[in-house]
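Each reported figure results from applying straightforward, stated rules to the coordinates on display, with no laboratory input. Everything numeric here is computed off the predicted structure, so don't read it as measured data. Methodologically, a virtual Cβ is constructed for each residue, glycine included, from the backbone with ideal geometry; neighbour enumeration extends over all protein chains shown.
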Amino acid sequence: MKKILLFGLLFCFQIIFSQVSLSGNKLVKDGQSYKFSQYQKVFANPIASDFFKKGRTNKTAGDVISSIGGFGMGFSLGMIIGSPKEQTFNTPYGSSSVKTDNSARWTVFGVSAGIALASIPFYLGAKKNFDKAIEAENSEPTAFQPYFKLESAGNGLALSYHF
């Protein structure tokens, strides 16, 4: 009985320490970190692999959308900051000064900010799918499950206990 309990305890500790976890942009399994592109090496459960694949797709879409929005915001803000308040033009008839109108640039900045904010649902969906993948992989029924079996033993029946 002591051997069975000791074996069960060691088996439980092995299951606890072989869990998959998410650490920043890395997957960690058995103390070794993997990149997101190496998820097939980490996940043995096909359901978990599918969830992680969906999460990667959502993250990629969010990255593309937020990059477009961020570029538009940065470019328009740079144009606003870099443009002079007033421009002077010399013509044969004299010089004239014109105030710079930045309203179109502020409009581009606002639209770009909206595009960048549109990427948030994609990132939230990616996080949700990553969590589902890790939960599906870690909650796999690999725990100690003993069972009884009725077998034939030569010229009689035997009840065996398998663990």
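Output yes when any residue across the stretch 98-107 is closer than 21 Å to ASP63 by Cβ and in contact (Cβ under 8 Å) with a residue 12 or more places away in the chain, and no when none is. Before you say what the answer is, go through the steps one by one.
Of the residues in the stretch 98-107, the ones closer than 21 Å to ASP63 by Cβ are none.
No - not one qualifying residue is present in the stretch 98-107.
I'd like to check something: does the stretch 53-66 contain any residue that is assigned to a loop (DSSP other than H, G, I, E, B) and either among the acidic types (Asp, Glu) or over 30 Å from GLU137 (Cα atoms) (or both)? No. Can you name the residue in the stretch 87-119 that is part of a strand (DSSP E or B) and among the β-branched types (Val, Ile, Thr) and is also nearest to the chain's Cα centre (by Cα) among such residues? The residue in question is VAL98. Of everything listed in (1) assigned to a helix (DSSP H, G or I); (2) farther than 30 Å from SER49 by Cα, the single unmet condition for ASP131 is (2).
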